[in-house]
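Notes for the one structure printed next.
The values are calculated or read from the model by the stated rules, or taken from the named source; none is laboratory data. Bear in mind that the values here come from a model prediction, so they are computed numbers and not experimental data. Cβ placement follows ideal geometry from the backbone for every residue including glycine, while neighbour counts extend to all protein chains displayed. These area figures cover heavy atoms from the full protein model, side chains too; ligands, DNA and RNA do not enter into them. Shrake-Rupley method; radii C 1.70, N 1.55, O 1.52, S 1.80 Å.
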Amino acid sequence: MNEFLRKKWEMAGLADDYIFNKVMLDYGICLEVLRRILPDLHIKKIKLPNNQQEFAVAPDAKAVRFDIYTTDEQGNHYDIEMQVADYHNIAKRIRYYQTASSMEAYDKGQPYEQADDSYVIFFCNFDPFQLGQQRYVLHKHIDEIPKQIIEDGQTDILFDVPSLRHDIDPKVQAFLDMIAQREVEATDPLVVKLKERIAVVKRNRKWRSEYVRRSVYKIDQEMREKKIREGERKIRNGKREILEGKRELLEGKREIQKSKCEIKEGQDRLKEKEQLIQEREQKLHEN
């Protein structure tokens, strides 16, 4: 296990959500990534990125833990996520992250129209909507007029990291290539910073220890979930077998009842024949 985790740590890149989080904590890297993804916002500065910040929409609601969360000088809110596995719930997941982020955009007593804008950005190691796009930008629109976007201040942006379409801005493509561990232009300033930051993260013993603990916990959790799924599968199979047994028993009872009816019918026909024979014998005797 130790050797496995050591190799996992050495091989881990930006596609690993833990490495991604630690790298994106770097102020300069986070700022440059946002600038490349959203050039029209002309972001000048941001607050120091916050790692694993937790929000709860309500006391009894499911809490959400952002990978990277920050705001810029214009008050825009940014949630940046690395989505490694496809749990087939990306649309509902984005909805909840956007809800939590948007709640931060409304100050008490502030008019609704003055609410800050919120951006949820997902880097996915899969095609989030299976539509073949490399980038998906989501806004609300009017169904009857699809081109009419509702300006509610919410924007969702998703990237399919493994995609080979390369139809987005080259500067953003360089970041995606770094995540996918593809060949990148070594002279790109962001690429240089990313490589240096990854090296810093890998040398940090505290982070390495935390990574190992999290990995062990995750493996244990996956094993427990696997056992639970197997137990549930066995229960389902057991219930199915019980239902099949009950169905077979019911069919057997029906067959027995059918056989009894056939026997009864046979006995009745036999009695009728015996009665006919007796009647014939009686008539012959009388004659």
What residue, of Leu284, Leu190, Leu194, is more than 18 Å from Trp9 (Cα to Cα) and surrounded by 10 or more Cβ atoms within 10 Å (Cβ to Cβ)? Leu190
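Of everything in the range 233-261 that's charged (D, E, K, R) and under 38 Å from the mean Cα position of the chain (by Cα), which residue is least open to solvent (accessible area, probe 1.4 Å)?
Result: Glu244.
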For residues in the range 50-73 being surrounded by fewer than 16 Cβ atoms within 10 Å (Cβ to Cβ) and among the acidic types (Asp, Glu), which is modelled with the highest pLDDT? Glu73
Only listed residue being farther than 30 Å from Ala115 by Cα, free of Cβ contacts under 8 Å to residues at least 40 places away in the same chain and among the hydrophobic types (A, V, I, L, M, F, W, C), chosen from Val212, Val191: Val191
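Give the range 93-124 a look and list any residue that's free of Cβ contacts under 8 Å to residues at least 12 places away in the same chain, more than 30 Å from Gln173 (Cβ to Cβ), open to solvent by 60 Å² or more (accessible area, probe 1.4 Å) and not acidic (Asp, Glu), or say none.
Correct list: Tyr106, Lys108, Gly109, Tyr112, Gln114.
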Return only the number of the condition from (1) farther than 30 Å from Asn21 by Cα; (2) surrounded by 10 or more Cβ atoms within 10 Å (Cβ to Cβ); (3) among the acidic types (Asp, Glu) that Glu225 does not satisfy. (1)
Please work out which one of (1) crowded, with 18+ Cβ neighbours inside 10 Å; (2) closer than 30 Å to Arg208 by Cα; (3) modelled with pLDDT of 90 or more; (4) not small (Gly, Ala, Ser) is the condition Asn76 fails and give its number. (2)
Under the condition of being in a helix (DSSP H, G or I), in contact (Cβ under 8 Å) with a residue 60 or more places away in the chain and open to solvent by 10 Å² or more (accessible area, probe 1.4 Å), which residue from the range 19-49 is nearest to Val84 (Cα to Cα)? Lys22
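Out of all the residues in the range 1-18, which are of a type outside the set (A, V, I, L, M, F, W, C), in contact with a helix residue (DSSP H, G or I) (Cβ under 7 Å, 6 or more places away or on another chain) and either in a helix (DSSP H, G or I) or within 22 Å of Ser118 (Cα to Cα) (or both)?
Result: Lys8, Tyr18.
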With respect to Ile90, is the statement that it is exposed (fewer than 11 other Cβ atoms within 10 Å of the Cβ) and of a type in the set (A, V, I, L, M, F, W, C) true? no
Subset tally (residues that are modelled with pLDDT of 85 or more and closer than 27 Å to Gln130 by Cα) for the range 101-118: 1
